[in-house]
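Structure, as structure tokens:
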Amino acid sequence: MSESTTSLIVGHRRRSRPRSGLRSLWKSPFFDIAALIIAVVTLMALFPSLFTTIDPRDCDLSMSRVGPAPGHPMGFDIQGCDYWSNIVHGARTSLEVGVYTAAISFVIALIAGSLAGYFGGVTDSIISWTSNVILGIPVGIASLVILYQFRSRTVWTIVFVLVLFSWAATMRYMRSSVMQVRNLEYIQAARGLGVGPWRILRSHVIPNAVTPLIVMTTLSVGAGMAAEAGFSILGVGLKLPAFSWGIQIALASQDGNWQIAPLLMFFPTLMLGLTTLAFVVLGESLRDALDPKARR
């Protein structure tokens, strides 16, 4: 067996290493709890009828801000709507913002970071310069200014703004990882065998460099959900009649409603906090499983 072929086999083994780490994830109680929370929230978002049969728009003003009652475990909101139903139906929008933002940012960062890190030169200069410009912009102020220009804001409006300012940071992780992988022995062996650069990038470099990007993407789901809530509180996010945990937190914070009925603030904040924390734990667990150095 030639040295070049041996190097390619070694490269293949490097890609298969994380499999044992992924199998060990279920041995961690923290990962199990995080996975359970994410699974429940996902089911809540996809199949709300599994959790409640009450229409969130079926309201009675005479029940405004009334506490928990039989059949209504979280009481009623400001308009007298069942609060548990609002929580359940709000999961979809909150999760959509986080997942869509993370997924689109992942694709952009994967492509841009791979091209910049592998080919270098002018390609790297253009992509890196663009990301530096994005990173140099005050994200909070710029996001508020852009969102303020939209008369009506949808999930995709929020996702657009979040992706616009989030892909640059994750791209740098991918670029750095690709630059570390591109000069390894099995990559050089593939070049020596005459394998084209695009095939090397697709089949050898990206699979071995994508781990940091996967971890960052998982963490960014919770960050996107929290950002949507922040925009709603500041008045530039989603508005009624949409449902989201951010909208519920924003309504509870208006006119001292949370002081009169603290549960209006507690329940959506709890759901948002638990879900965000679950994605953070998931990301940290994946990092430990996929990165051999982290397990030493």
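Quick notes
- Subset of the stretch 171-198 [open to solvent by less than 40 Å² (accessible area, probe 1.4 Å), of a type in the set (S, T, N, Q) and at pLDDT below 85]: none
- Looking across the stretch 266-286, the residues that are modelled with pLDDT of 90 or more and open to solvent by 50 Å² or more (accessible area, probe 1.4 Å) come down to Phe266, Thr269, Leu270, Leu274, Leu277, Val280.
- Residues of the stretch 42-94 classified as in a helix (DSSP H, G or I) and surrounded by 16 or more Cβ atoms within 10 Å (Cβ to Cβ), total: 16
- Residues located in the stretch 123-141, provided they are in contact (Cβ under 8 Å) with a residue 24 or more places away in the chain and either of a type in the set (D, E, K, R) or in contact with a Leu (Cβ under 8 Å, 6 or more places away or on another chain) (or both): Asp124, Ile127, Ile134
- Long-range neighbours under 6 Å by Cβ, at least six apart or interchain, first residue more than 16 Å from Ala116 (Cβ to Cβ) within the stretch 179-192, second open to solvent by less than 10 Å² (accessible area, probe 1.4 Å): Tyr186/Gly11; Ala190/Ile200
Yes/no matrix, rows are residues, columns are (1) within 30 Å of Thr42 (Cβ to Cβ); (2) surrounded by 20 or more Cβ atoms within 10 Å (Cβ to Cβ); (3) in contact (Cβ under 8 Å) with a residue 40 or more places away in the chain; (4) not basic (Lys, Arg):
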position: Val99; (1), (2), (3), (4): yes, no, yes, yes
position: Ser105; (1), (2), (3), (4): yes, yes, yes, yes
position: Ile108; (1), (2), (3), (4): yes, no, yes, yes
position: Ile111; (1), (2), (3), (4): yes, no, no, yes
position: Gly117; (1), (2), (3), (4): no, yes, yes, yes
position: Gly121; (1), (2), (3), (4): no, no, no, yes
position: Ser143; (1), (2), (3), (4): yes, yes, yes, yes
position: Ile146; (1), (2), (3), (4): yes, no, no, yes
position: Thr154; (1), (2), (3), (4): yes, no, yes, yes
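- Filter result (open to solvent by 40 Å² or more (accessible area, probe 1.4 Å) and under 28 Å from Val210 (Cβ atoms)) within the stretch 131-141: Asn132, Val133, Leu135, Gly136, Ile137, Val139
- Some residue of the stretch 258-276 being within 21 Å of Ala102 (Cβ to Cβ), not in a helix (DSSP H, G or I) and not charged (D, E, K, R): no
- Neighbours by Cβ (under 9 Å, 6+ apart or cross-chain): first from the stretch 34-62, within 11 Å of Arg92 (Cβ to Cβ) and in contact (Cβ under 8 Å) with a residue 12 or more places away in the chain; second among the hydrophobic types (A, V, I, L, M, F, W, C) and open to solvent by 70 Å² or more (accessible area, probe 1.4 Å): Val41/Leu274; Met44/Leu50
The values are calculated or read from the model by the stated rules, or taken from the named source; none is laboratory data. Predicted model only: the values in this text are computed from it and were never measured. Quick reminder, even Gly has a Cβ in these numbers, built from the backbone with ideal geometry, and neighbours come from all protein chains shown. In case anyone asks, the SASA skips ligands and DNA or RNA and just uses the protein heavy atoms, side chains included. Shrake-Rupley method; radii C 1.70, N 1.55, O 1.52, S 1.80 Å.
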